[in-house]
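Enquirer: Structure below; questions to follow.
The values are calculated or read from the model by the stated rules, or taken from the named source; none is laboratory data. Remember, it's a predicted structure, so these values are computed and weren't measured experimentally. Every residue, glycine among them, receives a Cβ derived from its backbone with ideal geometry; neighbour counts consider all protein chains shown.
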Amino acid sequence: MGAAVTLGVSGWRLHGVRTGVGRYLLNLIQHWTPELVADQFSSISVYSPQPLDPTELPLPRGVSEIVRRSKLPMVAWENVRVGPSARQSVMLYPSYSRPLVSRGATVVVTHDATMRLHKELYTRRDQRIYDPLYGWSARAATLVITTTYAARDDIARVWGVNPAKIRVTHLAPAACFRQLPAGVDRRSLRARLTGADEPYFLFVGKLSGRRNLPLLMKAFAEFRRRSDHRHR
């Protein structure tokens, strides 16, 4: 039987207003129940720049917290306070980059390659700093996780990452996005929420260039031009 494998996780993104990466990480951790991970890791530790609020973010049984206090930005904190001293077998970095120094294996989540593919969406400063950092991190990581096969191909192509070490793990909806029970009156619910019992379009996400809302609006306008379907 091999040596026990321990997992460390960079939890910087769990603090403050959680955007996509923070919510992604939160859902990962909350689903790491003992029953799910017992055969994979002997222990899981979440590194944090300040203590997590257990009432707002309770960790599952078997997941512990290691506080490395600092007010540094994420990249600096991971490089100074986490990477060189973390002793877990594997470290998971959920936000595109890993520290320059790491004792064990590293897994980097590279959600997409938009930093390289769509430079117009980022400042020149961000391009100079993060484009080379993201590319190096993906190449230097033991394993890369991304969310779609298209993203995998982009990451391999534009940053020269070996595709054999990129794993595609599709995103799943939050628990609140689920089919309604059979007893729910869908027509009255739709009327209450949208003001009419008609089909409707719903966009869920923040208004940023990466979401390509102009293209979505053009598609919606084309739908209206070609169709006489009533909608909200």
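Enquirer: What is the one condition in (1) without any contact (Cβ under 8 Å) to a residue 24 or more places away in the chain; (2) in contact with a Gly (Cβ under 9 Å, 6 or more places away or on another chain); (3) of a type outside the set (Val, Ile, Thr) that residue 221 does not satisfy?
Expert: Result: residue 221 fails condition (2) only.
Every residue, every condition in (1) within 18 Å of residue 91 (Cβ to Cβ); (2) surrounded by 13 or more Cβ atoms within 10 Å (Cβ to Cβ), yes or no:
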| position | (1), (2) |
| --- | --- |
| 9 | yes, yes |
| 12 | yes, yes |
| 21 | yes, yes |
| 24 | yes, yes |
| 34 | no, no |
| 45 | yes, yes |
| 54 | no, no |
| 64 | yes, no |
| 71 | no, no |
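Enquirer: Within region 120-136, can one find any residue that is over 23 Å from residue 24 (Cα atoms) and outside any helix (DSSP H, G or I)?
Expert: Step one: filter region 120-136 for residues over 23 Å from residue 24 (Cα atoms), giving 120, 123-125, 127-129, 132.
Now narrow it down to the ones that are outside any helix (DSSP H, G or I): 123.
Yes - at least one qualifying residue is present in region 120-136.
Each row is one residue, and each column tells you yes or no for (1) part of a loop (DSSP other than H, G, I, E, B); (2) in contact with a Phe, Trp or Tyr (Cβ under 6 Å, 6 or more places away or on another chain); (3) polar (S, T, N, Q); (4) closer than 24 Å to residue 21 by Cα.
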site: 198; (1), (2), (3), (4): yes, no, no, no
site: 205; (1), (2), (3), (4): yes, no, no, yes
site: 216; (1), (2), (3), (4): no, no, no, yes
site: 219; (1), (2), (3), (4): no, no, no, no
site: 223; (1), (2), (3), (4): no, no, no, no
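Enquirer: Quick test for you: out of 122, 134, pick the one residue that is within 16 Å of the chain's Cα centre (by Cα) and among the hydroxyl-bearing types (Ser, Thr, Tyr). Break it down stepwise before answering.
Expert: Numbers: 122 fails: within 16 Å of the chain's Cα centre (by Cα).
That would be 134, the only listed residue that is within 16 Å of the chain's Cα centre (by Cα) and among the hydroxyl-bearing types (Ser, Thr, Tyr).
Enquirer: Now a separate question. If you check 37, 82, which single one turns out to be hydrophobic (A, V, I, L, M, F, W, C), in the same structural domain as residue 141 (by TED's automatic domain parsing) and within 24 Å of residue 147 (Cα to Cα)? Step through it out loud before you land on a result.
Expert: On the way: 82 fails: within 24 Å of residue 147 (Cα to Cα).
Just a single option satisfies the conditions, and that option is 37.
Enquirer: Working only within region 117-163, note down all residues that are touching a residue at least 60 places away in the same chain (Cβ under 8 Å) and either among the acidic types (Asp, Glu) or in contact with an Asp or Glu (Cβ under 8 Å, 6 or more places away or on another chain) (or both).
Expert: 120
Enquirer: Shifting gears a bit: Give the residues of region 150-183 that are closer than 15 Å to residue 136 by Cα and either outside any helix (DSSP H, G or I) or not basic (Lys, Arg) (or both), sorted by residue number. I'd like the intermediate steps shown before the answer.
Expert: Quick first cut of region 150-183, residues closer than 15 Å to residue 136 by Cα only: 154-163, 165-166.
Correct list: 154, 155, 156, 158, 159, 160, 161, 162, 163, 166.
Enquirer: Restricting region 78-125 to residues that are under 21 Å from residue 48 (Cβ atoms) and polar (S, T, N, Q), which is surrounded by the fewest Cβ atoms within 10 Å (Cβ to Cβ)?
Expert: 85
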